[in-house]
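Read through the structure below, which is laid out as structure tokens, and then see the notes.
The values are calculated or read from the model by the stated rules, or taken from the named source; none is laboratory data. Since we're looking at a predicted model, the values are computed, not measured. Using ideal geometry, Cβ is built from the backbone for each residue, glycine included, and neighbour counts are taken over all protein chains shown. Surface accessibility is based on the protein's heavy atoms, side chains included, excluding ligands, DNA and RNA. Shrake-Rupley method; radii C 1.70, N 1.55, O 1.52, S 1.80 Å.
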Amino acid sequence: MFETLEKAPPDAIFGLIEAYKKDPKPTKVNLTVGVYQDKEGATTIFRTVKLAEARLLEEEDTKSYLGIDGSPAYATAVQELVLGADHEVIASKRAVTAQTPGGTAALRVGAEFIKRVKPDTRIWMSDPTWPNHPQIFGAAGIEIETYPYFDSDTNGLAFDEMLAALKQIPAGDVVLLHGCCHNPTGDDPTPEQWGQIADVIEERGLLPFVDFAYQGLADGLREDATGILTLCRPGSEMLVASSFSKNFGLYNERVGALTLVTPSEEAAQAAISHVKKCIRANYSNPPSHGASIIITVLNDPKLRAQWEDEIQAMCDRINRVRRLFVETLAAKGVARDFSFIARQRGIFSYTGLTKEQAQALREKHSIYILDSGRINVAGMNEYNIDAICQAIAEVL
Ligand SMILES: Cc1ncc(COP(=O)(O)O)c(C=O)c1O
């Protein structure tokens, strides 16, 4: 088995993180990794998470297994967070939710579910997308296609091309969409554009699968659900993969959820029975701790209000840094228009910098960005932004 085994290629992002760690320059900056960083450059634990954990330490009385699809209280809390507590989909019980180890497992379980119930279905994903998307769906044996998404001339959404491509997708196929904070570009559809996407999806009978890894980090918790709510029409179907890695800072607790919106309660029950088969043969049942934290926070009005303040502060900081970045580049005399960075949302942006410029930033200035030009906006702060912009001005 092992004598002739060659190494698999390293993960592109984690390879750069290694190079960053080895870089001895004290002024080095890491804009590659996908975690939120505060103004001190730290990825700290939410205060509300600490308070919930203290409560759990006192009150938790078992470490016995959860059910295959996790905690029912968690499922309710997730649906209410995603759709709003008074949504028709919840009242009519036509959605079901499985607790999963992170958003990644929500995507993978969703992929396994699709392969199980409709094996010939293809999935259409944006070009570009999070590099793990093709790996996850490919690993489940699903055929992958792409639709255009980004216009590198305008550094914005290639909306007309996207819509035209969606109109060509055969009925029954799955369309993967980013609920908000598109990774890697930072470009999201406007509410009007979401309406047009929802029209095409309905007309052509496509199944939207929404990756919702950044709820609360674009404009606000409710605002960020606009796309999903627009897709949720009477009798509509949809899959949503939620991640709580970013908006609760629970990266290493691995907490996420797969929600399946179906046309009826009966269909929802059939769907979850198949989802449970997929989970049982994979990791059997989900870990509990992260989800217990989320239930504790979301079901306690005081903790919930505090958490909403924490997430809004993160969101505001990201958007402030975006504006500061544009202003600082202009102040450095950079002629190129970077104003699109302030219009994009979430922790990532495509800067439009080339592979050669990204390499020069790393090699000459110890500023680590991906070859694609993607940066983690949250890695910038008032201490390093000047040096980052100076370096960009030089490589340009
Ligand atoms: C677009 C996107 N989807 C899903 C995830 C999954 O996150 P996790 O599995 O850590 O919850 C990420 C994390 O970086 C992401 O960027």
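Restricting to region 164-179, give me the number of residues that are open to solvent by less than 10 Å² (accessible area, probe 1.4 Å) and within 16 Å of the ligand (Cβ to nearest atom). Selection size over region 164-179: 5.
Taken over region 193-233, the criterion of being crowded, with 19+ Cβ neighbours inside 10 Å, in a loop (DSSP other than H, G, I, E, B) and either away from the ligand (no atom under 16 Å from the Cβ) or at pLDDT below 95 (or both) is satisfied by LEU206, LEU221, CYS232. Contact map, region 202-229: residues that are under 20 Å from ALA95 (Cβ atoms) paired with residues that are in a helix (DSSP H, G or I) and open to solvent by 20 Å² or more (accessible area, probe 1.4 Å), Cβ distance under 7 Å, separation 6+ or inter-chain. Pairs shown: LEU221/GLU308; THR226/PRO191. Could you tell me whether ASN282 is open to solvent by 30 Å² or more (accessible area, probe 1.4 Å) and either of a type outside the set (D, E, K, R) or away from the ligand (no atom under 16 Å from the Cβ) (or both)? Considered against the rule, which asks whether it is open to solvent by 30 Å² or more (accessible area, probe 1.4 Å) and either of a type outside the set (D, E, K, R) or away from the ligand (no atom under 16 Å from the Cβ) (or both), ASN282 comes out as yes. Does any residue of region 105-124 turn out to be assigned to a strand (DSSP E or B), in contact with a helix residue (DSSP H, G or I) (Cβ under 6 Å, 6 or more places away or on another chain) and within 11 Å of the ligand (Cβ to nearest atom)? No: zero hits. Out of GLU145, GLU161, I need the residue that is in a helix (DSSP H, G or I), of a type outside the set (Phe, Trp, Tyr), more than 16 Å from the ligand (Cβ to nearest atom) and open to solvent by 20 Å² or more (accessible area, probe 1.4 Å). Which one? Sole residue among the options that is in a helix (DSSP H, G or I), of a type outside the set (Phe, Trp, Tyr), more than 16 Å from the ligand (Cβ to nearest atom) and open to solvent by 20 Å² or more (accessible area, probe 1.4 Å): GLU161. Taking the criterion of being in contact with a Pro (Cβ under 7 Å, 6 or more places away or on another chain) and surrounded by fewer than 17 Cβ atoms within 10 Å (Cβ to Cβ), the only residue of region 85-142 that qualifies is ASP127. For beta carbons closer than 6 Å, sequence separation of 6+ or different chains, a first residue in region 162-178 that is over 15 Å from GLY227 (Cα atoms) and a second that is of a type in the set (Gly, Ala, Ser), the qualifying pairs are ALA171/GLY205.
Taking interchain pairs and intrachain pairs at least six residues apart, which have beta carbon atoms under 8 angstrom, with the first residue in region 1-13 and within 17 Å of TRP130 (Cα to Cα) and the second part of a loop (DSSP other than H, G, I, E, B) and among the aliphatic types (A, V, I, L, M)? Matching pairs, first to second residue: ALA12/LEU370; ILE13/VAL33; ILE13/LEU370. Can you tell me which residues in region 234-271 are of a type in the set (Ser, Thr, Tyr), assigned to a strand (DSSP E or B) and within 8 Å of the ligand (Cβ to nearest atom)? SER243 - this is the single residue of region 234-271 that is of a type in the set (Ser, Thr, Tyr), assigned to a strand (DSSP E or B) and within 8 Å of the ligand (Cβ to nearest atom).
Only one residue in LEU51, LEU81, LEU56 is under 24 Å from SER292 (Cβ atoms) and either within 14 Å of the ligand (Cβ to nearest atom) or open to solvent by 50 Å² or more (accessible area, probe 1.4 Å) (or both), so which one is that? Walk me through it before giving the result.
Values: LEU81 fails: either within 14 Å of the ligand (Cβ to nearest atom) or open to solvent by 50 Å² or more (accessible area, probe 1.4 Å) (or both); LEU56 fails: either within 14 Å of the ligand (Cβ to nearest atom) or open to solvent by 50 Å² or more (accessible area, probe 1.4 Å) (or both).
Answer to the check: LEU51.
Identify all residues within region 180-192 that are farther than 18 Å from VAL78 by Cα and either within 13 Å of the ligand (Cβ to nearest atom) or buried (at least 21 other Cβ atoms within 10 Å of the Cβ) (or both); write none if there are none.
Step one: filter region 180-192 for residues farther than 18 Å from VAL78 by Cα, giving 181-192.
The answer is CYS181, HIS182, ASN183, PRO184, THR185, GLY186, ASP187, ASP188, PRO189.
Using the structure shown, decide if ALA42 is small (Gly, Ala, Ser), open to solvent by 40 Å² or more (accessible area, probe 1.4 Å) and out of contact with any Gly (no Cβ under 9 Å at 6 or more places or on another chain).
Numbers: small (Gly, Ala, Ser): yes; open to solvent by 40 Å² or more (accessible area, probe 1.4 Å): no; out of contact with any Gly (no Cβ under 9 Å at 6 or more places or on another chain): yes.
Considered against the rule, which asks whether it is small (Gly, Ala, Ser), open to solvent by 40 Å² or more (accessible area, probe 1.4 Å) and out of contact with any Gly (no Cβ under 9 Å at 6 or more places or on another chain), ALA42 comes out as no.
Meeting the requirement of 1 or more residues that are within 16 Å of the ligand (Cβ to nearest atom) and surrounded by 14 or more Cβ atoms within 10 Å (Cβ to Cβ), the helices (runs of 4 or more DSSP H) wholly within region 301-381 are 301-331. Could you count how many residues in region 285-297 are more than 16 Å from the ligand (Cβ to nearest atom) and open to solvent by less than 10 Å² (accessible area, probe 1.4 Å)? Residues that pass the stated criteria total 1. Evaluation of THR76 against the conditions (1) open to solvent by less than 60 Å² (accessible area, probe 1.4 Å); (2) more than 30 Å from SER349 (Cα to Cα); (3) assigned to a helix (DSSP H, G or I); (4) β-branched (Val, Ile, Thr) shows that the sole unmet condition is (1). Of all the listed residues (GLY70, GLY102), the sole one being within 17 Å of the chain's Cα centre (by Cα), on the phi > 0 side of the Ramachandran plot and within 16 Å of the ligand (Cβ to nearest atom) is GLY102.
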